[in-house]
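Peer 1: For reference, the structure I am asking about is given below.
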Amino acid sequence: MDHSLHARYGLKRVINASGRMSILGVSAPTDTVMEAMKRGGQKYVEIADLVDKSGDYIARLLRSEAAVVVNSASSGIALSVAAIVTGGDPRLSLRLHQEPVLKNEIIMLKGHNVQYGAPVETMVFLGGGRVVEAGYANEGRKEHIEQAIGDRTAAILYVKSHHTVQKNMISVEEAWEVAARSGVPLMVDAAAEEDLLKYVQYSDLAIYSGSKAIEGPTSGIVAGKKKYVEWVKVQLHGIGRSMKVGKETTFGLLQALEEYQDKADNSEVEKKALEALQQLTTLHGVSVRIVQDEAGRAIFRGRIQIDASAAGVDAKTVNDRLREGEVAVYTRDYGVKQGYFDIDPRSLQGDDLQVIIDRIHDIVEGK
């Protein structure tokens, strides 16, 4: 949306320094992705055929047995759970939440049961599952999952995300070992992950966002074993009907995936651009350093640490005033209670970074 469109609808200019966040529209697709959406949206197509053919195309790119386009990673969780607890049974799928499902327990590590804009457990319940937490908030081991498996276990859900607890948690590879040994299906929520090929190797169903790393339209992908993907497709005529994907979205996602295969790694360029934040170190009580993403991705951010006693203002106040200004600046603000917030460079455009620097200067200096 250009500034004239913002003005037309009374919207603020937004500077997104928080990353691929749903509350800001996630990402900004390229002109070629938007053109694919336009061309695809202006033609008619048999949707069932598009579901199958687009899934086949994505499966080849991801080297999985099968795939299906969904309307978000969140719905991907709900639909995957519904698929597994119903076993793809058409009648039970159509009557989900009306008839009892005997094997409906979804095992999750306690440190993975997070709120990412909605609770993971809410998506599980939407799909007819019931969360069984394993382990502790600060420890998740293989045996914790194994000991939680019982007669009513339907699947294990592993959440790979910066939102989850990172320390003392088993890897996705270790979770896959437990699943294989136990004969229990493993679903992996890898919504924002950049390595699309990895998670289909260590799961029965892997769930990705189409609009985060891939930078496509609002969408999601469920990829994995053919049997389970076919079960997911059954859900498109049940709860999935309220989550349907438009033809224009599917064509846009396919174009974005093609471009993603050849996307340059800009992490070092972005890291270098963040050096401009060093201008802020002339302010009393403000320090800047470069940090890497918590979940280990090749993403670098500028961490602005504010010593409230020296600066005369704390990190939360600075962050709030950035967000509430005439130009709304959204930072990655998970650390404000510890006295810092991060600047994610991936979605910055034009003079965004300099505007951020100038605004922080004004706020700290009391202007």
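The values are calculated or read from the model by the stated rules, or taken from the named source; none is laboratory data. Here the structure is a predicted model, which is why all the values come from computation and not from measurement. Positions of Cβ are generated from backbone atoms using ideal geometry, with glycine treated the same way; all protein chains shown enter the neighbour counts. Accessible surface areas use protein heavy atoms only, side chains included; no ligands, DNA or RNA. Shrake-Rupley method; radii C 1.70, N 1.55, O 1.52, S 1.80 Å.
Peer 1: Could you work out [θ]222 nm for the chain from helices alone, using -39500 (n - 2.57) per DSSP H run of at least four and dividing by all its residues? Round to the nearest 500 deg cm²/dmol. All intermediate terms of the calculation are to be shown ahead of the outcome.
Peer 2: Numbers: 15 runs with 141 residues, N = 367.
Here the helix-only value at 222 nm equals -11000 deg cm²/dmol.
Peer 1: I'd like the carbon and sulfur percentage of the solvent accessible area for the stretch 257-345, probe radius 1.4 Å, heavy atoms only, ligands and nucleic acids excluded. Mind showing how you got there, number by number?
Peer 2: On the way: 2100 of 4510 Å².
Ligands and nucleic acids excluded, carbon and sulfur reach 47 percent.
Peer 1: Please report the base-10 log of the normalised intensity I(q)/I(0) for the stretch 40-160, using a Debye sum with one equal scatterer per alpha carbon and no solvent, at each q in 0.23 (1/Å).
Peer 2: Listed by q, the Debye log ratios stand at -1.28.
Peer 1: Roll a 1.4 angstrom probe over the protein heavy atoms and tell me the percent of accessible area of the stretch 38-140 that is carbon or sulfur. Could the numbers behind the result be given before it?
Peer 2: Numbers: 2620 of 5030 Å².
Answer for the stretch 38-140: carbon and sulfur cover 52 percent of the accessible area.
Peer 1: Picking from 11, 338, 48, whose Cα lies most toward the positive end of the charge dipole for the chain (charges on Cβ: Lys, Arg +1; Asp, Glu -1)?
Peer 2: About the Cα centre, the residue reaching furthest to the positive side is 48.
Peer 1: Using the Karplus curve 6.51 cos²θ - 1.76 cosθ + 1.60 with θ = phi - 60°, what ³J(HN,Hα) values do you get for each residue of the stretch 328-343, in whole Hz, with x for Gly and Pro?
Peer 2: Values per residue, Gly and Pro as x: 7, 9, 9, 9, 8, 9, 5, x, 4, 6, 9, x, 8, 9, 10, 10 Hz.
Peer 1: Say the dipole of the chain comes from +1 at the beta carbon of Lys and Arg and -1 at that of Asp and Glu; which of 94, 261, 154 then lies farthest toward its positive end?
Peer 2: Positive-most Cα among the choices belongs to 94.
Peer 1: In degrees between 0 and 90, to the nearest 10, how far off the longest principal axis of the chain does helix 315-324 point, with axes built from Cα atoms?
Peer 2: Value to nearest ten degrees: 80.
Peer 1: Taking every DSSP beta bridge with both residues inside the chain, roughly what % is antiparallel (nearest 5)?
Peer 2: On the way: 24 of 45 bridges.
DSSP beta bridges in the chain are roughly 55 percent antiparallel.
Peer 1: Let me ask something additional. Could you work out how far the C-alpha centroid of the stretch 24-70 sits from that of the stretch 276-316, in angstrom?
Peer 2: Going from one Cα centre to the other spans 39 Å.
Peer 1: OK, next. What number, in percent, do you get for the relative contact order of the chain if the mean sequence gap of Cα pairs under 8 Å and at least 6 apart is divided by its residue count? Spell out each step's value before the answer.
Peer 2: Working: 704 pairs, mean separation 80.5, N = 367.
Here the relative contact order equals 22 percent.
Peer 1: Quick one: length gained pulling residue 351 to residue 321 fully straight, 0.36 nm per residue minus the C-alpha distance? The partial results should precede the final answer.
Peer 2: On the way: separation 30, 0.36 × 30 = 10.80 nm, distance 1.91 nm.
Residue separation times 0.36 nm, minus the Cα-Cα distance, leaves 8.9 nm.
Peer 1: Here is a follow-up. For residue 271, list the aspartates and glutamates whose Cα falls under 17 Å from its own Cα; do not include residues on the same chain fewer than 8 positions away.
Peer 2: By straight Cα distance, residue 271 reaches 293, 294, 342, 344, 351, 352.
Peer 1: How big is the gap, in Å, between the Cα center of the stretch 196-254 and the Cα center of the stretch 130-151?
Peer 2: With the stretch 196-254 and the stretch 130-151 each reduced to a Cα centre, they are spaced 27 Å.
Peer 1: About its Cα centre, what dipole magnitude does the chain give when the only charges are +1 on Lys and Arg Cβ and -1 on Asp and Glu Cβ, stated in debye to the nearest 20? Spell out each step's value before the answer.
Peer 2: Details: 45 positive and 50 negative charges, 149 e Å.
With only Lys, Arg, Asp and Glu charged at Cβ, the dipole is about 720 debye.
Peer 1: Using per-residue counts of other Cβ atoms within 10 Å, averaged over each peptide, order 153-165, 99-111 from highest down.
Peer 2: Most protected by this proxy first, the peptides run 153-165, 99-111.
Peer 1: Same structure, new question: Treat every Asp and Glu Cβ in the stretch 288-367 as -1 and every Lys and Arg Cβ as +1, leave all other atoms uncharged, and give the resulting dipole magnitude about the Cα centre to the nearest 20 debye. Let's see the in-between values first.
Peer 2: Values: 12 positive and 15 negative charges, 54 e Å.
Taking the Cα centre of the stretch 288-367 as origin, the dipole is about 260 debye.
Peer 1: Only four residue types carry charge here, +1 at the Cβ of Lys and Arg and -1 at the Cβ of Asp and Glu. Report the dipole size of the stretch 241-339 about the Cα centre in Debye, rounded to the nearest 20.
Peer 2: Details: 15 positive and 16 negative charges, 67 e Å.
Once rounded to the nearest 20, the dipole reads 320 debye.
Peer 1: Related question: Can you classify the stretch 315-363 as rounded, prolate or oblate using the Cα gyration tensor, where a ≥ b ≥ c are the square roots of its eigenvalues, rounded means a/c under 1.5, and otherwise it's prolate if a/b beats b/c and oblate if not? Intermediate values should be presented prior to the final figure.
Peer 2: Working: a/c = 1.95, a/b = 1.31, b/c = 1.49.
Note, shape of the stretch 315-363 comes out oblate.
Peer 1: Here's another thing I want to ask about it. With unit charges on the beta carbon (Lys/Arg positive, Asp/Glu negative), name the residue among 128, 116, 138 whose Cα is farthest towards the positive pole of the charge dipole of the stretch 109-171.
Peer 2: Checking the options against the dipole of the stretch 109-171, the answer is 116.
Peer 1: List the residues whose amide H sits under 5 Å from the amide H of residue 348, counting only those 5 or more places along or on another chain, with H placed 1.01 Å from N in the peptide plane.
Peer 2: Here nothing satisfies the definition.
Peer 1: Can you list the residues, at least 5 places off or on another chain, whose amide H is less than 5 Å from the amide H of residue 131, using H built in the peptide plane?
Peer 2: 106
Peer 1: Residues of the chain: accessible area per residue at 1.4 Å, in Å²?
Peer 2: 47
Peer 1: If the cut-off is a Cα-Cα distance under 26 Å, which lysines reach residue 103, setting aside same-chain residues fewer than 8 apart in sequence?
Peer 2: 142, 160, 225, 226, 227, 233
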